[in-house]
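Visitor: One structure, as structure tokens, below. Some questions next.
The values are calculated or read from the model by the stated rules, or taken from the named source; none is laboratory data. Bear in mind that the values here come from a model prediction, so they are computed numbers and not experimental data. All Cβ positions, even for glycine, are placed from backbone atoms using ideal geometry, and neighbour counts span all protein chains on display.
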Ligand code: CUA
């Protein structure tokens with residue numbers, strides 16, 4: 001999760017988020033180079049003494065400053081497209097979790113595991129334990145196995161919500177009447193926090209998501225203790 005004075009992206013917990021961070025840094029570097037160049041040119045314009053009274057056209061410079069930005073944009077467009085298709089790839093998931101957005105909580109279904117289903121409400125501040133995170137912790141956490149391909153199906157029961165986990169690079173809208181799909185791979189154990197990121201009404205800010213990433217045998221233990 002994001003902690004104090006964290007202005008950048010959170011540390012990644014999945015290979016896709018790692019790629020997203022690489023792409024972010026790459027795009028930012030190109031942005032800085034363009035800003036510095038254009039800033040320098042604009043600044044130097046103030047000290048320009050040349051006057052071209054009879055200048056009407058400059059075919060060559062027009063050609064250069066049209067084609068050059070197009071080539072620079074390709075260096076952003078191609079990696080972006082690569083990442084877009086990489087995020088959409090489904091790699092034989094071993095667990096499928098369905099998350100349903102409600103006003104204002106999430107409910108979850110493990111359809112392949114005896115259809116375990118439960119609601120996941122935020123813990124109100126006055127009920128929070130001393131080690132709990134305000135506005136971020138929930139009553140019922142999702143448990144998922146680490147080092148496994150996980151498929152997430154997202155939908156909603158009332159209005160549009162968005163299932164968003166920054167550390168995993170996941171952000172999928174839950175829309176009533178539709179079923180959206182994404183997948184990820186958690187590469188370390190721990191707690192991963194997320195929240196709804198689609199303005200869904202009065203308590204939009206109070207429907208967080210908590211994933212408990214655990215080793216596979218722990219996950220199996222958890223899922224079978226819920227089966228009885
Ligand atoms: Cu649900 Cu915002």
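Visitor: Checking residue 152 against (1) surrounded by 20 or more Cβ atoms within 10 Å (Cβ to Cβ); (2) farther than 21 Å from residue 198 by Cα, which test does it fail?
Guide: Unmet for residue 152, out of (1) surrounded by 20 or more Cβ atoms within 10 Å (Cβ to Cβ); (2) farther than 21 Å from residue 198 by Cα: (2).
Visitor: Residues being over 18 Å from residue 186 (Cβ atoms) and at pLDDT below 90: count how many of those fall in the stretch 87-111.
Guide: Of the residues in that region, 1 qualify.
Visitor: Quick one: residue 30 ticks every box in (1) surrounded by 13 or more Cβ atoms within 10 Å (Cβ to Cβ); (2) under 30 Å from residue 150 (Cα atoms) bar one, so which box is it?
Guide: (2) is the only condition that residue 30 fails.
Visitor: Considering (1) within 16 Å of the ligand (Cβ to nearest atom); (2) modelled with pLDDT under 95, say which one residue 115 fails and leave the rest.
Guide: With respect to (1) within 16 Å of the ligand (Cβ to nearest atom); (2) modelled with pLDDT under 95, residue 115 is out only on (1).
Visitor: Conditions first: (1) modelled with pLDDT under 95; (2) within 16 Å of the ligand (Cβ to nearest atom). Residue 206 passes all but one, so which condition is the exception?
Guide: With (1) modelled with pLDDT under 95; (2) within 16 Å of the ligand (Cβ to nearest atom) applied to residue 206, the lone miss is (1).
Visitor: Let me ask something else. Among the residues in the stretch 212-224, are any within 20 Å of the chain's Cα centre (by Cα) and within 16 Å of the ligand (Cβ to nearest atom)?
Guide: No; the residues of the stretch 212-224 include none that is within 20 Å of the chain's Cα centre (by Cα) and within 16 Å of the ligand (Cβ to nearest atom).
Visitor: Could I ask something else about it? What's the number of the condition residue 13 fails, among (1) touching a residue at least 40 places away in the same chain (Cβ under 8 Å); (2) part of a loop (DSSP other than H, G, I, E, B); (3) farther than 30 Å from residue 148 by Cβ?
Guide: (3)
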